[in-house]
Structure formats: structure tokens, C-alpha cells
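Input: a single structure, listed below in C-alpha cells.
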């Protein structure tokens, strides 16, 4: 019989994320994803149908309230498509943040019993959010195709359509990174877990989801552009329907912020991981 030697050591490098070890636990990630869907739709009558109803109902409400009653401009784009596209990409971001912002607290009972790479939990949450998004995205593309075929004004085929994949990946990474930071901080400061929902709600109104960037000017416009999600939402609409202006410079800025936040999340995660169980 061969002799095996197992060496267990603590992480010594602040950037030591060990993604190879995470990939080895891909089956565990799959189980976590299945668990996430089971928890979300457990004891619901409509089940996954809520993935379709949620953006549809929200878009209808936004169309009536902000489009018809408030009369906010959509830059010539059909109101329903305008609000639905903004809602779809925003829900990917918000679900990535909210899904990962409490994973370490919610899974403390697992962390204290058996070892596995802690990063598998937020990764599974990100995958869950992406799967939900693609179901909604398919529905969005169908709605877009309907307006395109009927020749609706403000809708055209965008040559930037393939960039949607980059924008989607950036949004999922950015939301997950922020969620990891919040989850790491809430180990010591539980108030942030309560405030996360309020922060997301305020953040949404600082993002051009129910209004266009063209309707804002002056210092407020600059403030909105400093929001990394502004270029994401604006360019997502442009790549989908060719409406508005593609914000090249501000998108590059948004990408830089995304990488910086992800990097900061890795540093904070590695710093807090050693004391996760003791602190919780």
C-alpha cells in the first residue's frame, strides 16, 4: 500500500485565491446551485415561472408609471423595451449582490463542520444569478425581435450586439465582488447586511433605468457617470437595440472599477477567511 502525505497549511499570501482548488469542487458548486433554486422556489405554486413574470410585471408597471404618467423620455425607444432592458441587466447585478452578500452568515453551520473552498458558495450564487438572467434575457430578445420585425421606431440591429457577452460577464463579476465584500464585512458589522437592500434601492435610482442619461445635465450627470453601472446599463441598451450613444470612455472606466473591486474583494476575502468561523 502506498503512503500518502497530506500537508495542511494556512494561506500566507494575501492574493492566494487558489482557483484550481475551487474547480476541483465543481460538483459541490453544482449541488449548491441546485440548492439555491430549491430554496427560492420551494413551496411556490408558479415556481420558475416567476422568472418570467417578475420582469414582465415590473416593466409594465414602469411603463405605466414612468412612461405614461410621468412622461419620462426613453430617447425614442419603445417604452416597454426600454424599461425591460434596464430591468433585466439590473436584476442580474442586484441578484448577484444580494445573493452573495449574506452567504457566509447563512452558511456558517456548514463552514464549521467540514472543509471546502469557501469561495464555492458565492460562485454558486453567481451561477444561479446568471442562469436566472439568461432565462429573462431570452424573453427580452424575443420582445426586441418583435419590435424589430414590426419596424418600431428607435429599434435597430446594433453592430455592437456581441459586446453584450462582455457586459453581462462584467455585471455578474461586479455584483458578486461587491457581495463578497459586503459578506466579509458583515461578519463583524451585521448592520451592513440590513442596509444592503436599502443601498441597492438607492443605487438603482442613481442608474439610468427609468430615465435616459440625456435627460440629466450638469454636475448630476457627472455624478451619474461616475456610477459604474451607468455605462453598463446604457451600453447594454445600445448593444441590444442600437438606441442612444455608446459610452466608450465611461465603459472603460467602469471596467477598471470592476477589476479594482474584484481585486479588493479577493484581498478582503483572504484576510477575513481565516477567522470566518470564529467570528461568526
Q: Please tell me if residue 237 is more than 15 Å from the chain's Cα centre (by Cα) and either in contact (Cβ under 8 Å) with a residue 12 or more places away in the chain or part of a loop (DSSP other than H, G, I, E, B) (or both).
A: yes
Q) When both residues are 6+ apart or on different chains and their Cβ atoms are under 8 Å apart, which pairs have a first residue that lies in segment 245-256 and is at positive phi and without any contact (Cβ under 8 Å) to a residue 12 or more places away in the chain, and a second that is surrounded by fewer than 17 Cβ atoms within 10 Å (Cβ to Cβ) and not in a helix (DSSP H, G or I)? A) none
Q. Here are some residues: 105, 119, 162. Which one is on the phi < 0 side of the Ramachandran plot and touching a helix residue (DSSP H, G or I) at 6+ places or on another chain (Cβ under 6 Å)?
A. 119
Q. Can you name every residue in segment 203-233 that is within 21 Å of residue 174 (Cβ to Cβ), outside any helix (DSSP H, G or I) and without any contact (Cβ under 8 Å) to a residue 60 or more places away in the chain?
A. 206, 226, 227
Q.
For the structure I just gave you, tell me whether residue 8 is at negative phi and either in a loop (DSSP other than H, G, I, E, B) or modelled with pLDDT under 75 (or both).
A. yes
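The values are calculated or read from the model by the stated rules, or taken from the named source; none is laboratory data. Please read all numbers here as calculations on a predicted model, not as lab measurements. FYI the Cβ positions are ideal-geometry reconstructions off the backbone, even for glycines, and counts take in every protein chain you see.
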